[in-house]
Amino acid sequence: MKILAIALCLLLGGALVFVVGDFPDWGDPMSPPNDYRLSKHFIENTMEETSVPNIVTAVLADYRGFDTMFETAVIFTAALACFFLLRTWGRRPSKPDNVYMHLLTGVHVRLKHGKTLSPQSRTFARVESEILRYDLVTSTVCRLMIPFIQLFALYVVAHGHHSPGGGFQGGVILGASFLLLAISHDLRTLRERFPEVKLMYLLIAGIVLYSGVGFACMIYGGNFLEYEALGPLMGVTPVMAHSLGILFVEIGVAMTVMATMILIYNYISSLGTYERGL
Amino acid sequence: MISQQYPALLIIAPLLGAFVVAVLSWVDKKYCFGMAVASLAAATVSSILLLIDVVAQAPEPIVYKLGGWDPPFGISYYVDSLNALVLAVISCVTLVNLGTVRTAVNKEHPGKEGSFYALYLLAVTGHLGMVVTGDAFNLYVLLEIAALSGYALLGMGHRRAAFSTLNYLFMGTIGASFYLLGVGYLYIQTGSLNMVDIAGILTQTGATMTVLTAMSLIFIGVLIKMALFPMHAWLPNAYTHASSPASSLIAPMTTKVMVYVLIRMMLTVFTPDITFSMPPVTETMVWLASAAIVGCALLALSARNLKRMLTYILIAEVGYMVGGAWLGNTTGMTGAVLHIVNDAAMTLVMFLAAACMAYRLKSLDFDDLKGAFSKMPFTMAFFVLGAVAMIGVPPTCGFFSKWYLLLGGVQAGNAGMFGGYVFCGSLILSSLINVVLFFRVFEIAHFEPLAQGVDDHGHPIRPKIPMEEAPPTLVGGLALTAVALVVLGLFTSDIVDVIEAGVLPLLDPSLTDTIFLAVTGS
Amino acid sequence: MIMQSSIFPLLAILAPLAGIPGMMSSKNANVREAWTFASAFATFALALVLLPGVLDGTEYTLTIAPVIPAVPLALKVDSLGMLFAMVSTPLWIVTSLYSIGYMRGLHEPNQTRYFCCFALAISATVGVAFSANLFTMYLFYEMLSFATYPLVTHHQDPEARVSGRKYLLYIVGGSIGLALPAMIIVFSMAGTLDFLPQGVLVGTNIGAGLMAVLVVMFIFGFAKAGVMPFHSWLPAAMVAPTPVSALLHAVAVVKVGVFSVVRVLTGILGVDLLAHFHLSTLISGIAAVTILTASLIALSQKELKRRLAFSTIGQLSYIILGVGLLTPKGITGGMVHIAMHAFGKITLFFCAGAIFVGAGKKYIPDMVGIGRRMPVTMTAFFIGSLSVIGIPLTGGFFSKWYMLQGALDSGQWIFMVVLLVSSLLNAAYFLPIVYKAFFCTDEESLFEPVVKEAPIHCLVPLCITAIVSVVLFFFPDVFRTLAELAVEG
Amino acid sequence: MFYQIDNAVLTLVVLCALAAINIKDLLGAGILFGAYSFMMCLLWAVMGAVDVAFTEASVGAGVSTVLFIAAVFRTSRRTKD
Amino acid sequence: MTILEIIALCFIAMGLIFFLGGTVGILRLPDFYSRLHAAGKLDTLGSLNVLLGLALYSLAPISLLSVLTALKILLCMFFVFMASPSATHAIVDAGMDAGMPHWRKR
C-alpha cells in the first residue's frame, strides 16, 4: 500500500514537473498571466480606481473582495467547527482542586474539594497546575512585549493598503499576542480578559462587519460589495469610498481572525472545557 | 431593483443568517431555528425567482458583477438555466430538510443547536455558491467553506464519526488541492480566472499540454470530492457514523453539487471541443462510471446497516451522473442533470426516512429494523415510496432520469462508443440490485420478528408491536418529500425543457460566442 | 374512427384509489367493505359508461401529464382495452364479495391492508387496460407488481417470504431487466411509444434479428404472462389467500401480463411487420412449448391450487399462441380467450377456496366424495373445468374455436395439433377430480356428513361466475365485437 | 537575486517536508512544519510576494505551530504508523 | 565606500562571527543547557551586531526616511534584546521542570 502511494506520488509529481516544460517562461512579460489584460489592468488602473497603492490589497479586498469575504467565512467556520466539535460541558469534576502558589517562594499549595483563597491575596496566586511553574522572568518580559506586539498588529491592519499586510496578518499577530499571554501566564489569565462569549461576539462581529459593508452597498443601490455605493453615505468620492471600504473590511477580517486563533487555542488546550489549560 | 440582486441574495441570505444564528445561540437558543429557516427560505425564494427570470431570458445568461467590477477583473456570477435549476433544487432540498430535522437536532446535539444551524447554513452557502459562481477560484473558496462545515457537521456523530470524518477530511483536502492546482495551471496558461473568459482564451490556444494537465487535475479533484467509485472509500464511513440531521443535509447536497461542478467544468470552462476531444478518455470515463455503478451496487449488497447501504447506493448514483455526462450526447447530459435533480430528492427521502427510524429504533443495523412496519407504518410507507423511486419505477422521478440516461447510452452506443451499451447494462443491473437491496430491508421490517406458534384458526401469532411513530415534524417533512418524488416525476418534461435550455447552448459551438459576449461584454 | 377526449378513463383508475382512505379509516369491518363495494361498483360503472361508445368505434383519450416529450402519461380506451376492463372490473366486484366470505370465514389478520392492496391492484389493472402508450402501460404494470407483493406475502411467514422473493425476482426482474431495455430500444428507433394499429416500428430500418430479440425480450420481460421458463413465480405465489390467487391467476396479474404482450405485439411491434419477418413461428413456438409442458406438469400436481396454477400457465400461453399466429381469427381468439379463461378460471379458484373454507382440504386425493357434501361448489367447478377445457355450452369453446380457425388460416398445422392435444390434457387433469368428487361409494368417501357448503358469501360469487361462463357461450357478442374491432384496427 | 539561495532554500523546503512526514515524534513534526513554513516564507519574499510571505510567516510559522503543539500536548506524541 | 559603510560592514562581520560561534557551540557542546547557552547568548549578540550594522548602513544618504528606517531597526534590536534571552530562559526553565539532567564530566 505504501509503495503504491509512493508510486502514485512520484507519477503525479513527475507529470506535473514534466508539464512545467510547456509553461511560459518565468517572468516572461509576454506570457499570458503577464500579458493578458487582467494583470495590465490591475497594474495600470488600481490607483485611479481605488486609490490604494498596494495592488495586492486592492485585488484582495476590492476586485476579489468577495473571495476574501469567504476566506474570512472559512476562518469563522473553523472557529465554529472547533466549538461544535470540541466544546464540552459538564465533564469537569464537581469540586476541582485549586492550586495556589506562594509568590515569594514559589511553593505550591493544593486545596482540595474546591476550597479557595481570596482572589485579592497579594501573597498567593492561583495557578493552573503545579507542573507549569509561574516564571517571573518570562511573564514580566511577555507583559512588556505584548502591548508592542499588539500595536504592531494594529499598524499592520490599518496600514494594509499602503504596505504589505492587512487584516489576515494583523489579526493573526493580534491573536498570537494573546496566545503568548496564555502561554507565558496561564489560560485562566487569558480567560479572565476574554470570556468565551466576548470572543464569540468578536468573531461574529468581524465577519458581520465585512458582509455588512457588502450588504450595505446592496441597500444603497450598488451590487454586493460595490463600495462606491457607500460614497455618499460616508461623504467621500467613489474612489475614496473604495479605499475606506477596504479599510473597514480589513478591520473586520482582523477581528474574526484574532478571535478564531484565541478560540481554537483555548478549545484545544483546555480539552474543550474552557476552564484550565496547558 | 431587487430582482437584479437575486444571485447575490441567495448567497448572502444564508451567510448572514449563519452569523445571526451564531449570535442568537448565545442570546437565546430558541430563536436559532426560526432564524435559520427564515434566512434559508429567503435564499430559496430568490433562487426560485431567479430560475423564473433565467428561463424567461434563456439562452442569454444572467450576469451579476460582484463589487461592480466588470467580469474578467472582478468576480462575477453567471447564471444560466443549468445552474439556476440546480440552485433551486439544492435550496429547496436543504430548506425542507432544515424544517424537518429540528427534533432530531435537539435529540442528537443537545446544547449545540445554535452552532449546528449556523454550520448548516454555512454548508448550504458554500454549496449554493459553488453552483452560482462563474469564477474558477471563487468556486475553490466556496468549496472550502462547504467542506469545512461539512467536516464539522459529520464529525459530531456517533462512536467512530470523528475518525471517519478525519479520513473524509484527508480525501476532501486532497481533492480540493487537486482542483486548486488545476486552476493554477489554467491561470498560467490563460491569465484569467473567469470561467467564460478562460473558455474564450482556450478556444484560441487549443488543448496544449498545460491545459490538458489542468483539465485532468481538476477532474481528478472533483471526482475525489464526489467519491466516484475507486475514490469513494471515505464516504460510507463518514456518512454512516454521522448524526442523522447532518447526513440528511450532506448526502443529498454534496455529491450532486460536485457533479454539477464537473459538468460546468466540462461544458463551460473546457468546452465540449476539448473535453470530448479524446475518445479513449471519454470511453474510459464511461467505463469507470459503469464500474462505479456495478461495484457500489455490489458493495451495497454487503452492507448490514441501512445507512451504510444508502451511502453505497449514493455512490452508485454518482456513477449514473458521471457516466451520463461523459456519454457525449445531449440526451445523456440531460439525463445527468435531471438525475442531479431527482437524486437530490430521492436521497433526501431516503436519509430522512433513516433519520425517522434512527429517532425511534436502537440503531439502523438490519437486525434492529425488525417490526419497523408495525412500529412506524407511515415512515415505512414513505420509505417504500423512496425505494421505489431509487429502483426506478414510474411515475416516481427516479425512472425518468434513468430513462434519459439509458436513451443516451443507446445513442452513444449507436454512435460507436461501446461504453454506451456497457453503461446501459450496468444501469439495468444496478436497478435490479436496488430491488434486491430494498426488498431485503422490507422483508426484515415486514416479516420479522417471526411468528410464535399458531392460533385457533391456524394463523400464526405475531408478536404485538405497539405503534411508535417518529415526531410529526419529521414524518411530515418525509411525507412532503416523498410526495415530491411523484410530482417531480410528473413534471419531468418541464424540468427537461429548463435543462435543455441550459445545456444545449453550451453544447452548441455556434452559441458559445453569444454567451461569451453576454458575460465579458467584449 | 372517432377520437374523443374523456375524463372517464382516469376516473375509472382513480375510483379504486378513492376508496382506500375510507377503508383505512374505517373502524368497523362492515363500513370498510361498504367502501370496497362502493369503489368496485363505481369502477365498473365508469368503465361501462364508455362501453357503448367503444362498441361504436369511438376511442376515448386523455393526456394526464406530458412527462417525457413524445411520451406522455396518457390514457386511451380502445376496444382491446375495453375488453380487458370488461373482464377485470366486474370480476373485482365478485372477488370482493368472495373475499369477504373467505377472509371472515378464516379469520385472517390484517384485512384492512388486504383490501387496500386489492384496490391498488385493481386500479393498476384498469390503468394497464386504458394505457395509451407503452410507457403508461409499463407504469401501471410496475404499480401492479408492487401492489400485489403484500397480497402474496399476506401471511408474513417464512414460506410467504420465499414466495414473495420469487415473485419479485421474476416479475420485477423481468420488467426492469428485459422489458425496460426493449422499450428503450424501441423508443430510440421509433421516437414514440404510442400504440398504433400498424405498430410504431414501421418505417424504421429494423432488421429481423433485432425484431426477434425484441419479441423475446417483451414476451419474457412481461413475466406476469408466465411464459416458461419465467413461470415459476406463479405456483409459488399460491401461498397467498385464495381470493388473491383468484385475483392473481384469473383477473389481474397474469392477464395483465398477457394483455401487455398482446398490446406490444399488436400495437408496438406490429402484426404486419412480425408477419413480414416470419416471426409467427417463434412466438407461437414459445407459447406451444409452454402450453404442453405446463399441462403435463399440471397432471402430476397433488395440491389443487398448484394444479390450477399450472393450468393457468398453459392457458395464458393459448392467448399468446392465438395472437402469435398473426391471423385475424387467431388474434380474435386470443383476445376473447382473455375473457373466457378469466371467468372459467376464477370459478375454479373460488371453488378451491370454498373447499378450503368449508372442508379444510387442499390436496386432490383428499377430495374423494366431496361432491356429495358440497354439491353447488363442485357443480360450479365442473362448469369451470368445461370452460377451461373448451367444451361447447361454455364460453371457453368459443375462443378455442377461433384459435383453431386461426391456426388453420395460418397454415401452421402443428399449432392446431398442440391446441387439441393440450385440450385433451386439460380434460385429463380436471375431469378426474370432478369424477372422484361425485362418483364414489360411501366407503370411499372421505367426508363426514357434517361437512357443509362454504358460507353464502363464498358460494354466491362462484355461482355467478359459473353461470356467466355458460352465458358467454350464448351471448359472447360483447367480447367478440370488441376483439374484432381491435383486430380490424 | 541569487538563484543559489533560491535553490538552497528550495532544497531545505523539500527536506523539511520529507522530514515532517517521516518523523515519528509528532511534536517534532509540528516544529519541522514550522521550519517548512518559514522556508516557504523566505521563498515568497525572494520572489517578491511580500504580502504572501508576511502571511506565511505569521500564520504558518507562527500561530499554526502553536496550535499544533497544543494539540500534540493534549493528545499523544507518537504516531501509530 | 564611506566611513559609515565601513563601520556598518564591520558590525555586520562581527555579528556573523558571533553567529558562527553560536552555531559551532550548538553543534559541539555536550548537553541541552550548554547548547542553549551558546544559542541564547551568541545569537542575541550576533543579531544585535548585524542589526546595528544594517541600521548604520541604511543611514548612508541621510534623510528623514533613512533615519526612520534606522529607528525601526533599532526598535527591532530592542525587542530582540528582550525576547531572545527570555525565550532561552523559558526553555531552560522548562528543561529543568521536565527533569533534563546536567552534563557531568566523566
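The values are calculated or read from the model by the stated rules, or taken from the named source; none is laboratory data. Note that the structure is predicted; figures quoted are calculated from it, not measured. As a convention, Cβ positions derive from the backbone with ideal geometry for all residues, glycine included, and neighbour counts pool all protein chains shown. Areas reflect the complete protein model, heavy atoms only, side chains present, ligands, DNA and RNA absent. Shrake-Rupley method; radii C 1.70, N 1.55, O 1.52, S 1.80 Å.
Out of residues 5 or more away from C:ILE64 or on other chains, whose amide H comes under 5 Å of its own, with H placed 1.01 Å from N in the peptide plane?
Answer set, sorted by chain and number: C:LEU73, C:ALA74, C:LEU75.
Compute the FRET efficiency between C:ALA34 and D:SER76 as 1/(1 + (r/R0)^6), taking r as their Cβ-Cβ distance and R0 = 60 Å, and round to the nearest 0.05.
Once the sixth-power term is evaluated, E becomes 0.25.
Would you kindly calculate the translational diffusion coefficient of the protein assembly as shown, applying Stokes-Einstein with the Kirkwood radius from alpha carbon pairs, for 20 °C and a viscosity of 1.002 mPa s, and quote it in µm² s⁻¹ without decimals?
For the chosen part, D equals 58 µm²/s.
Give the average, rounded to an integer, of partner chain Cβ atoms located within 10 angstrom of each Cβ in D:65-77.
Mean number of neighbouring Cβ atoms from other chains: 4.
What quantity of accessible surface, computed with a 1.4 Å probe and excluding non-protein components, is buried in total between chains C and B, in Å² to the nearest 100?
3200 Å²
Calculate the tail of P(r) for chain D: the fraction of all Cα-Cα distances greater than 16 Å, expressed in %.
For chain D, the share of Cα pairs beyond 16 Å comes to 54 percent.
How many Å² of accessible surface get buried when A and E come together, counting both sides, probe radius 1.4 Å, rounded to the nearest 100?
It comes to approximately 800 Å² buried between A and E.
What is the sum of charges, Lys and Arg at +1 and Asp and Glu at -1, for the other residues whose Cβ falls under 14 Å from the Cβ of A:GLU48?
Residues near A:GLU48 contribute -3 overall.
Between the stretch C:10-80 and the stretch D:1-42, what is the C-alpha centre distance in whole Å?
Between the Cα centre of the stretch C:10-80 and that of the stretch D:1-42, the gap is 77 Å.
Just want to confirm a number: the relative contact order over the stretch D:3-74, from Cα pairs under 8 angstrom separated by 6+ residues, in percent.
This gives 30 percent for the stretch D:3-74.
List for the stretch B:386-402: residues with 40 Å² or greater reduction in accessible area, all protein chains versus chain alone, probe 1.4 Å?
B:VAL393, B:PRO394, B:PHE399, B:PHE400
In peptide C:269-280, how many Cβ atoms from other protein chains are near each Cβ within 10 Å, on average?
0
Along Cα→Cβ, 7 Å out, is where each label goes; now give me the distance between the ones at C:LEU431 and B:ASP70 in nm to one decimal.
9.8 nm
Suppose R0 equals 56 Å; then what is the FRET efficiency for B:ALA38 and C:PHE475 from their Cβ-Cβ distance, rounded to the nearest 0.05?
0.20
When the chain is fully extended, how far beyond the present Cα-Cα distance does E:CYS10 get from E:ASP97, taking 0.36 nm per residue of separation?
Result for the pair: 27.2 nm of gain on full extension.
Work out the length of the dipole vector of the protein assembly as shown about its Cα centre, built from +1 on the beta-carbon of each Lys and Arg and -1 on the beta-carbon of each Asp and Glu, and round it to the nearest 20 debye.
Around 5200 debye, computed over the protein assembly as shown.
Could you run the Karplus curve 6.51 cos²θ - 1.76 cosθ + 1.60 with θ = phi - 60° over the stretch A:160-175 and give me ³J(HN,Hα) per residue in whole Hz, x for Gly and Pro?
Each residue's phi maps through the Karplus curve to give x, 8, 10, 9, x, x, x, x, 4, 4, x, x, 5, 5, 4, x Hz.
Can you list residues from other chains, or at least 5 along the same chain, whose modelled amide H is less than 5 Å from the amide H of B:TYR78?
Counting only residues 5 or more places away or on other chains, the set is B:TYR64, B:GLY134.
Would you jot down the residues in the stretch D:30-56 that end up with at least 50 Å² less accessible area in the complete protein assembly than in the chain alone, with a 1.4 Å probe?
Listed by number, the residues meeting the 50 Å² cut-off are D:ASP51, D:PHE54.
Pop a pseudo-label 7 angstrom from the Cα along the beta-carbon direction at both E:ARG106 and A:VAL239 and give the gap in nm to one decimal.
Placing both labels 7 Å along Cα→Cβ, they lie 7.6 nm apart.
Mind jotting down the distance between the C-alpha centroids of the stretch C:175-197 and the stretch B:411-445, whole Å?
17 Å
Summed for both chains, how many Å² of accessible area, to the nearest 100, are buried between A and B with a 1.4 Å probe?
Roughly 5200 Å² of accessible surface disappears when A and B pair.
Under 5 Å between amide H atoms, partner at least 5 residues away or on a different chain: which partners does B:ASP365 have, H built in plane at 1.01 Å?
B:LEU306
How would you order E:47-56, D:24-33 from highest to lowest mean count of nearby Cβ atoms within 10 Å?
By packing density, highest mean first, the sequence is E:47-56, D:24-33.
Per-residue HN-Hα couplings for the stretch B:482-488, Karplus 6.51 cos²θ - 1.76 cosθ + 1.60 at θ = phi - 60°, whole Hz, x for Gly and Pro?
5, 5, 4, 4, 6, 4, 4
Can you find, among A:LEU136, A:GLY214, A:SER163, the residue farthest towards the positive end of the dipole of chain A? Put +1 on the C-beta of Lys and Arg, -1 on that of Asp and Glu.
The residue sitting most towards the positive pole is A:LEU136.
May I ask you to give the percent of accessible area on chain E that is carbon plus sulfur, with a probe radius of 1.4 Å?
77 percent
Cα-Cα over 27 Å: which of B:LYS112/B:LYS307; C:LYS76/C:LYS305; B:LYS464/C:LYS255; C:LYS255/C:LYS436; B:LYS107/B:LYS370?
C:LYS76/C:LYS305; B:LYS464/C:LYS255; C:LYS255/C:LYS436
Where Lys and Arg each count +1 and Asp and Glu each count -1, what net charge lies around C:PRO197 among other residues with Cβ under 10 Å from its Cβ?
The answer is -3.
With a 1.4 Å probe and all protein chains left in place, how much of the accessible area of chain A comes from carbon and sulfur atoms, in whole percent?
69 percent
Order the peptides C:10-23, B:425-438, C:306-319 from the highest to the lowest mean number of other Cβ atoms within 10 Å of their residues.
Result, highest mean Cβ count within 10 Å first: C:306-319, B:425-438, C:10-23.
For B:HIS232, what accessible surface area do you get with a 1.4 Å probe? Give it in Å², rounded to 10.
It works out to around 20 Å².
Can you give the FRET efficiency for B:LYS107 and B:ALA381, using 1/(1 + (r/R0)^6), R0 = 30 Å, r = Cβ-Cβ distance, to the nearest 0.05?
0.85
Could you please state how large a percent of the accessible area of chain C is carbon and sulfur, counting protein chains only and using a 1.4 Å probe?
It is 69 percent, rounded to a whole number.
Add +1 for every Lys or Arg and -1 for every Asp or Glu among the other residues with Cβ under 12 Å from the Cβ of D:ALA45, and state the total.
Value of the local net charge: -3.
Using the basic label-point model (7 angstrom from Cα toward the beta carbon), what is the E:THR2 to B:ARG360 distance in nanometres?
Output for this residue pair reads 8.9 nm.
Let's see if you can work this out: charge +1 on each Lys and Arg Cβ, -1 on each Asp and Glu Cβ, no other charges. What is the dipole magnitude of chain D about its Cα centre, in debye to the nearest 20?
Approximately 480 debye in magnitude.
To the nearest 20 Debye, how big is the dipole of the stretch C:1-265 about its Cα centre, given +1 on the beta carbon of each Lys and Arg and -1 on that of each Asp and Glu?
440 debye
Calculate one ³J(HN,Hα) per residue across the stretch C:333-348 by plugging θ = phi - 60° into the Karplus curve 6.51 cos²θ - 1.76 cosθ + 1.60, and present them in order as whole Hz with x for glycine and proline.
Coupling constants for the stretch C:333-348: x, x, 5, 5, 5, 3, 6, 4, 5, 4, 5, x, 6, 5, 4, 4 Hz.
Please give the per residue accessible area of the protein assembly as shown, computed with a probe of 1.4 Å over protein heavy atoms only, in Å².
37 Å²
Per-residue Cβ counts within 10 Å, from other chains only, averaged over A:213-226: what number is that?
Partner Cβ neighbours, averaged per residue: 5.
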